[in-house]
Structure formats: structure tokens, C-alpha cells
Amino acid sequence: MNRLNAAIVGGGAIHVCHADALRQVPGARLQALAEIDSGTGQALAQAYGCRFYQDYHALLRDDEIDVVHICTPHHLHKEMVIGALAAGKHVFCEKPVAMNRLEAAEIAAAAARAPGLLAVCYQNRLNPTSRQIRCELAGGTLGKMLGMKAVLTWSRGGGYYTRSPWRGRYATEGGSLLINQAIHTLDLMQWFAGGVTRVKGVVDSGELAAVTEAEDSAMATLHFRNGARGLFYASNSYTTDAPLLLEIHCEAGMLQLRDNQLWRCCAGGRTHLISDPSPDDDAKAYWGAGHLAAIRQFYQTLHHPTVPADYTAVDEAQKSLAIVEAIYHSSQTRQWITVNP
């Protein structure tokens, strides 16, 4: 197996998940790191034993780099992803792939032209509970899906935004709660139900109104492509980071995800199916433990291009972004919005 040399662009909190994963993925090595803050970047590069670049353009000119991991603020994703693809690199980008659907379409066009592959990090699809839900639904033992609800209540204090001023700004984050934290939940909901056709939702800001111009809370009704109806609520104004609560109501019973435990509930009783592990090392609990699996999957595809790809490509990443955009639009117009990913 030939070794693939990787580089990480961005030295913020999320880059740790990528650096830790690269140490555990066969045939991958962290070769370089780019960070605009030279003090932070040099310290990280020394700790990882890799090269440091303050200018990511110089990193893209490094012929030894095969794969670029984008771990930067949202408004930088489009330029960096397209630039890395144009430089002939493979790209693994943190979600969201772009700030909106127009940017995502530009990225998709660039990916179609490029020799390299582009993956987007939706690591919660790799959670054991997520995979088991897909298997349960595909097996059909619970019958037709009728409805789905999800509740996500996390805690983000004022310092979270003031320490990183790009957060909570339409120009740099593209919004706040929906496009950053809750997009994972919306992605899972649409993934389980085969897509969303239309939504009606509201976003607002209460506790965090003084530190963010965007929303800290959101709720929506979703109509799924399979005919089921969804209810969604999320907020960053809770007092702790509570695990996702998800329930799928089917004709013959329910699937319930509570406290990272998946249960099947039907006439025969309540059965525990599987649990999600806690993340290792410095990863935050609410990120889940899926980064390693997602990154390992992508590198397996790069090492074995003849094997069917198993990673979240840009066309899949556009689906949850379209739902986020539709909820924002619905909140402004107070209308149902058709979702066209």
C-alpha cells in the first residue's frame, strides 16, 4: 500500500479529530499543516512532526501532498476546496461544504472536472446507531415509516462566539445553529427517510442574541420523500450538551435513540439494539466518534479506487445544506418551501 501524504488546513478545535485519525489510518501520514496564526501553526506542526505553512497556497504547491483536509471557517471552504482540487489534490472537507447551495454547485462543478476526489465530513452517518437505523428501516420489520422527530439541545456560551468572531455571522458562518450544529441532525433525518420535499420552519435568537446576529434556536416541520412527516427542534441555549433524541414512528413500532442507545419498541416489548461509543483523546463528546471511521473510509477508497466508494460526496452534502437554506427562507417568508437539493 502506497503511503498518502496528508495536510490539514486550519488549526482550530476540529482539526484535532483529523490529526488523531490520520495517526490511526493505514497508509496515511500527516505531512503538513497550514494555519494563518503562525504561533499556533508552528506549535502544532512541531507537536505533529510535520511541515508548517502560514499560506495555504504554498501548501497546495507542495507536490508531496496528496490529500488536503479543510478544517477552516465556513466562508473559506469554497475557495480552498476548489483550489485544492485544481492543484490535483484529493480533498476531505469539514461540513458544511459551502455556505449555500450556489457555492456548493460551484464546488460540485469543480469536483466533476478534477482528477482528485472530494469527501465531506458527515461523521454521524458512521455512528453504529445510525447504521443500525438504516438496517432496521431497510429490513422492513416495523413497516412503513409514518413520522420522525428529533430534538437537539446543546450549550454554547457567549465566549464560544467572541473567541471566534466568524461564528454566528451570516457573512462568515452562513447562519449559526442550523448550518453548524444542527445540520448533522437534519442530514440524518433526510438520510433515514430518503430525502425531504418541503419544509416550514422558524429560527430565532434568545439567550445568545447579544453575541450572534444569527439564530440560536430553530424548529421545523418536514415532509419526507417517503410520505412521512418530521418534527425538528434544536437550540444552542440549553445548559448542557444533551445527546440527540431521535424517534422514528413506523406502522408496527418505533425506533428510539436516547442517550446514545438505540431501542426497538413494538408489541413484543422494548429491545436494546446497539450503542454509540464515546470519542477518544481530545475529541468533544458531542462530535461523536465517527471522524476516524469517515476518514478511514475515504482513504480506503483512495487506496482501492476499483472498490465502490463509501464516503459522503458533494451531491449528498448538498441535501442537508438545501434543507438548512429552506428553513431560513421559510422563517423569513412564513411559507412552506420546496426543497430542491
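Where a number appears in this text, it was derived from the coordinates with a stated rule and is not lab data. Note that the structure is a prediction, hence the values are computed from the model and not measured. Cβ sites come from the backbone with ideal geometry, for glycine too, and all protein chains shown count toward neighbours.
Observations, loosely collected:
- Cα gyration tensor, the chain - rounded (a/c under 1.5), prolate or oblate: prolate
- For segment 1-145, the fraction of alpha-carbon pairs in successive 5 Å shells from zero, as %: 2, 10, 18, 20, 18, 13, 9, 5, 4, 2, 1, 0
- Comparing Cα centroids, segment 183-255 and segment 96-155 end up 14 angstrom apart.
- Whether segment 109-223 is rounded, prolate or oblate, judged on the alpha carbon gyration tensor where a/c under 1.5 counts as rounded: oblate
- Cα-projected label distance for Ala43 with Thr162, points at 7 Å along beta-carbon direction, nm: 2.1 nm
- Three-way shape call for segment 223-341 based on the alpha-carbon gyration tensor, with the a/c threshold at 1.5: rounded
- Subset of Lys149/Lys319; Lys95/Lys319; Lys144/Lys200; Lys78/Lys149; Lys149/Lys200 violating a 20 Å alpha-carbon distance limit: Lys144/Lys200; Lys78/Lys149
- Helical content alone sets the calculated 222 nm signal of the chain at -10000 deg cm²/dmol, taking -39,500 (n - 2.57) per DSSP H segment of four or more residues and averaging over every residue.
- Rounded to 10°, Cα long-axis angle of helix 38-48 versus longest principal axis of the chain: 90 degrees
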